[in-house]
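Heads up, the thing below is written out as structure tokens.
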Amino acid sequence: MRSLYATSIFLLVAAIEPLFSQQVHIVTNVPGQTLLRVANAPRGVDAVADGRMVKLHLRPADGIRVIPLIARSKTPYQLTGLGSQGVELRVKGVKPLAGTGHLMAGAAGPVATTHSPQTILKGPRISNGGNNATEDNALLIELEVEGHDTDAELTLLMEPAGIGR
């Protein structure tokens, strides 16, 4: 019996020992620092979002359309846009999505809009807790898009400030 026990221990150590001499790599997914999505796409706007980027296809329209965006961030952020020629846009308003319980002080404004054709909006950290399902840790950004005669594309990217172009 003792021989069987000793043999088992020897085999176990022989099998495990190579693992201790190997390098171990731990791979993890670090949660995103920013999140951007369309709240409700208006008529004539098709939206595809992947969490930090929103791609919009805009069908021809007269007048101004307002596209509501929901934004969350764990860091100061910048919102940039790249659109088809002739697409004009501006930030109409920035306000809490559903209360201020988990918003950082000052997150809802004032925010800086820039004159650069790519950077639309910059601001401080938005979220002070919760997760992507928490309603009171996000901002509602109302983006105005001028009317246009042809189909147009618009890509919006939200990322930590200082990382973009």
Counting only residues 5 or more apart in sequence or on a different chain, those whose built amide H sits under 5 Å from that of ARG37 are ILE70
Could you list the residues of region 54-91 with an amide nitrogen less than 18 Å from a label point located 7 Å from the Cα of THR100 in the Cα-to-C-beta direction? 71-73
Phi to ³J(HN,Hα) by Karplus 6.51 cos²θ - 1.76 cosθ + 1.60 over region 73-80, Hz, x for Gly, Pro: 7, 9, 7, x, 10, 9, 10, 10
Sorted by chain and then number, the residues having a modelled amide H within less than 5 Å of the amide H of LEU103, at least 5 places away or on another chain, are ASN128
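Between ARG43 and THR150, what length comes free when the chain is fully extended (0.36 nm per residue of separation minus the Cα-Cα distance, one decimal in nm)?
Length gained between ARG43 and THR150: 37.0 nm.
A short reminder: the numbers here are calculations on the coordinates, not readings from a lab. No experiment lies behind these values; they were computed from the predicted model shown. All Cβ positions, glycine included, derive from the backbone under ideal geometry; neighbour counts span all protein chains shown.
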